[in-house]
1. Only one of VAL123, VAL133 is in contact with a strand residue (DSSP E or B) (Cβ under 7 Å, 6 or more places away or on another chain), assigned to a strand (DSSP E or B) and open to solvent by less than 30 Å² (accessible area, probe 1.4 Å); which?
2. Could you tell me which of the residues MET75, MET1 is open to solvent by 40 Å² or more (accessible area, probe 1.4 Å), under 23 Å from GLY131 (Cα atoms), aliphatic (A, V, I, L, M) and not in a helix (DSSP H, G or I)?
3. Looking only at segment 136-168, count every residue that is hydrophobic (A, V, I, L, M, F, W, C), out of contact with any Pro (no Cβ under 9 Å at 6 or more places or on another chain) and open to solvent by 30 Å² or more (accessible area, probe 1.4 Å) and tell me the total.
4. Of all residues in segment 12-36, which are modelled with pLDDT under 95 and surrounded by fewer than 12 Cβ atoms within 10 Å (Cβ to Cβ)?
5. Mind listing just one residue for me: the one in segment 18-47 that is part of a helix (DSSP H, G or I) and touching a Leu at 6+ places or on another chain (Cβ under 8 Å) and, of those, nearest to THR58 (Cα to Cα)?
6. For a quick check of your reading of the model, give me the residue pairs whose first member lies in segment 137-165 and is in contact (Cβ under 8 Å) with a residue 12 or more places away in the chain and under 15 Å from ILE107 (Cα atoms), whose second is open to solvent by 30 Å² or more (accessible area, probe 1.4 Å) and of a type in the set (Val, Ile, Thr), with beta-carbon atoms closer than 6 Å and at least 6 apart or on different chains.
7. Answer yes or no as to whether THR66 is open to solvent by 50 Å² or more (accessible area, probe 1.4 Å) and closer than 24 Å to ARG114 by Cα.
8. In this structure, is THR105 buried (at least 20 other Cβ atoms within 10 Å of the Cβ), under 17 Å from the mean Cα position of the chain (by Cα) and modelled with pLDDT of 95 or more?
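The values are calculated or read from the model by the stated rules, or taken from the named source; none is laboratory data. From a predicted model like this one, the values you see are computed outputs, not experimental measurements. Glycine also receives a Cβ, built like all others from the backbone with ideal geometry; neighbour counts cover every protein chain displayed. Surface accessibility is based on the protein's heavy atoms, side chains included, excluding ligands, DNA and RNA. Shrake-Rupley method; radii C 1.70, N 1.55, O 1.52, S 1.80 Å.
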Amino acid sequence: MKFAMRPARSDDADAVVRIVLARSAWLEERGLPSWRDSAEKLAALTSNEDGSMFVLATDGHPVGCTTVTTTTPPMAWTTEELAEPSLYLYGTVTDPALRKTKPGTLIARWAIDRAAREGREWVRRGCRFPGLVAYYQRQGFALIHEMRKTNGPMYLMGRRAERLDPPL
């Protein structure tokens, strides 16, 4: 199975909804909060004119997505950290049917390599659940800050950019 990352297109919206709903069912079966209520909102990002959403595809079909920005949301990051060139990932969702191929890790590797190729120092991301913290730590991300938000904790993570060959 060969994977490739590419910019999302508006005709990927239905596939993104399918991926989000499949992941939501997987999470719900395990008693975890899901993305179900955000499926359409996330799919709408496929039409972002700024080109910030990317899909992981195999055989031309999306099996994962992430949104990438070149600015880190301020939250609990320090002024110095915010000044460091980085990519910030959010809305990363993958099809649970492909878990054995580690599509989330492939997306992270692509972002880490892309950041290095663009001369950026970091790839950053945030998440709300300790299970995701552990998952991202297995991908080489470090927990940098923890903050309290209205809806509970927010964990802010980062990994230094580096060239990875092959990235996917």
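1. Within the list VAL123, VAL133, the selection yields VAL123.
2. Matching residue, one of MET75, MET1: MET75.
3. Qualifying residue count for the region: 4.
4. Matches in segment 12-36: ARG30, GLY31.
5. VAL20
6. Close Cβ pairs satisfying both conditions: GLN139/THR105; GLY158/ILE144.
7. No; evaluated as a whole, the condition is false for this residue.
8. no
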